[in-house]
Amino acid sequence: MSKRSATDVHSQQAYGQAYAKASIRSAKRNDPTVDEMGEFEDAWEDEIESDEDPVDREASRGEDGMDVDEVLPAIEESEEQPPALEAFIPGTHILEKDEILEPDDSVYVMRHSMDVNWSCLSFDVLRDSLGDQRQRYPTTAYVIAGTQADRASENELSVFRMSSLHRTQKDGDDDDDEGEDEGEDDNLDEDAVLEFRSVPHNGGVNRVRAQPLPPSTPLLPVSQPYYAATWADTGKVHIWDIRPLLESIDTPGYTWEKSRTNKPTFTISSHGRTEGFAMDWAASGGANPSALRLLTGDIHSKIYLTTSTPSGFNALTQPFTSHTSSVEDIQWSPSEPTVFASCSADRSVQIWDVRSRGRRSVTGINPAHEKDVNVISWNRNTGYLLLSGGDEGAIRVWDLRNVNKTGSPGDVPSPVAAFTWHRAPITSIEWHPTEDSIFAASGADDQVTLWDLGVEQDDEEIGVSMNETPGAVPSQLLFVHQGQRDIKEIHWHPQIPGTVISTALDGFNIFKTISV
């Protein structure tokens, strides 16, 4: 982002040009040469009255006596330069009253903003049949989100299709465009198209998660269910079949059966009326619905497991109880099907095994942060690295191979990496789906940050704490995306490499940077 004066922006719009007009200065003209022969008197000269100033005919003639056009004086170029754009660094720079942030599109491959009727606290990326690892533009993305309306009866669960996602238009020819397929419309700066299909939802949606599908798996046929779960602020967890909503967006004239889609397939009542946020699916067996497992955690520190069978869903009644405060986030292990991690407002991160007796955690990190631990993310490429984000704005990376079992003697393990760039609580964090050293984070300071742990520190950074050098930019920080208010959640798109989607109070952003 760059900052510039809001007055400068107004001037550009008023005059319709990039910068303020340059001043024009006139050069001094030479005196005309006097004819020594004197003035020739024409006896038949016509008398013509004119309102214009008299013109010196001799001064307008060339050496050969031919009339020549009057030569205007050269215009001196103005020395006044347009205001320079300055990169805005959060924590170092402060926006003045008359300054605004402007995005620098030269560092984006693609960037779009989309408004919605009601703000969405949570969303999830849906799998499509358009192919994996796609690079061509324009492209399309599908997400599911739940609303936070001002009245409970007005809330909805919506499936969105974001289409016409063009590359960001840049000035001049970019070397990066070389080698693109001929005919690819990669330089049109058009608005994206946002379409949606909705069903009513009782209460606001605290979190929504879609059934995971294995990579390279096509979208399920419309005859098979594609499940999504919602954590409602009413204390209920609902499971929905959203496959007909996707079909309705893609197939003109398609209408779904209300009995299948407009009401939840199953409602989990294990939490009573206790509200919650933590939720994650696990699936082993691909599209086989009998292998689905869903974990949900509430603000009263309890975690419940719900499993699916060929005949439906079964909510287990015995909770997992090791946390002493609100469960904020849950993640299944990507390598061990019976293991999951959770984080809590009790400042701890706990590791569980659903096979253990007593429903207690088997190991943990306590304390993992100075304040509440809001979010976690398990690295799906390594299987042992875990990210955590705290209320104090800190991001920490843990190697679970160094964590002691619960009850074993030993000090609290140290994180393998720690960053305190954000100046407000971390609201979302997620590892890149294929790059094992890259992750994205968002904070209540209105920033989305991209990081790469594989970047080595500069010599002057080694041994220097970030707390001792406020405002210093760590080498691992690849990119800072700004412009949204009150960012709640971010996700990488698993089928469009490097693409990040974020939701905030003022809608969705979808972007891809030159950094990832």
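The values are calculated or read from the model by the stated rules, or taken from the named source; none is laboratory data. Everything numeric in this text was worked out from a predicted model, so none of it was measured. As a convention, Cβ positions derive from the backbone with ideal geometry for all residues, glycine included, and neighbour counts pool all protein chains shown. Calculation scope for accessible area: heavy atoms of the full protein, side chains included, ligands and nucleic acids excluded. Shrake-Rupley method; radii C 1.70, N 1.55, O 1.52, S 1.80 Å.
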Order of 475-482, 116-123 by packing, highest average Cβ count within 10 Å first? 116-123, 475-482
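Quantify, in whole percent, the carbon and sulfur part of the accessible surface of the range 469-516 (1.4 Å probe; protein heavy atoms only).
57 percent
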Could I have the simple spin-label model distance between Ala87 and Val193, label points 7 Å from Cα toward Cβ, reported in nm to one decimal? 3.8 nm
Which trypsin sites (Lys or Arg not before Pro) from the range 220-293 combine a DSSP loop assignment with at most 16 other Cβ atoms within 10 Å? Arg273
Per residue, how much accessible area does the range 343-454 show when a 1.4 Å probe rolls over the protein heavy atoms, in square angstrom? 40 Å²
Extension gain (nm, one decimal) between Glu456 and Arg401, 0.36 nm per residue minus Cα-Cα: 17.5 nm
Using the beta-carbon distance between Thr309 and Asp98 and R0 = 51 Å, what value does 1/(1 + (r/R0)^6) give for FRET efficiency, to the nearest 0.05? 0.20
With r defined as the distance between the Cβ atoms of Thr267 and Glu435 and R0 fixed at 30 Å, what FRET efficiency is calculated, to the nearest 0.05? 0.20
Probe radius 1.4 Å, ligands and nucleic acids ignored: give me the carbon and sulfur share of the accessible area of the range 206-353 as a rounded percent. 51 percent
In nm, spacing of pseudo-spin labels at Ser113 and Ser325 (7 Å Cα→C-beta vector): 3.5 nm
Write down the accessible area per residue of the range 214-302 in Å², having rolled a 1.4 Å probe over the full set of protein chains. 42 Å²
Counting sequence-distant residues (5 or more places) and residues on other chains, those with an amide H built under 5 Å from that of Val362 are Ile351, Trp352, Asp353
Could you tell me the calculated FRET efficiency between Gln224 and Asp132, based on Cβ-Cβ distance and R0 = 30 angstrom, to the nearest 0.05? 0.90
How would you order 130-143, 199-212 from highest to lowest mean count of nearby Cβ atoms within 10 Å? 199-212, 130-143
Taking the Cα centre of the range 202-321 as origin and charging only Cβ (+1 Lys, Arg; -1 Asp, Glu), how large is the dipole, in debye to the nearest 20? 200 debye
Can you run phi through the Karplus equation (6.51, -1.76, 1.60; θ = phi - 60°) for the range 483-497 and list ³J(HN,Hα) in whole Hz, with x for Gly and Pro? x, 9, 10, 6, 6, 10, 7, 9, 8, 6, 8, x, 10, 10, x
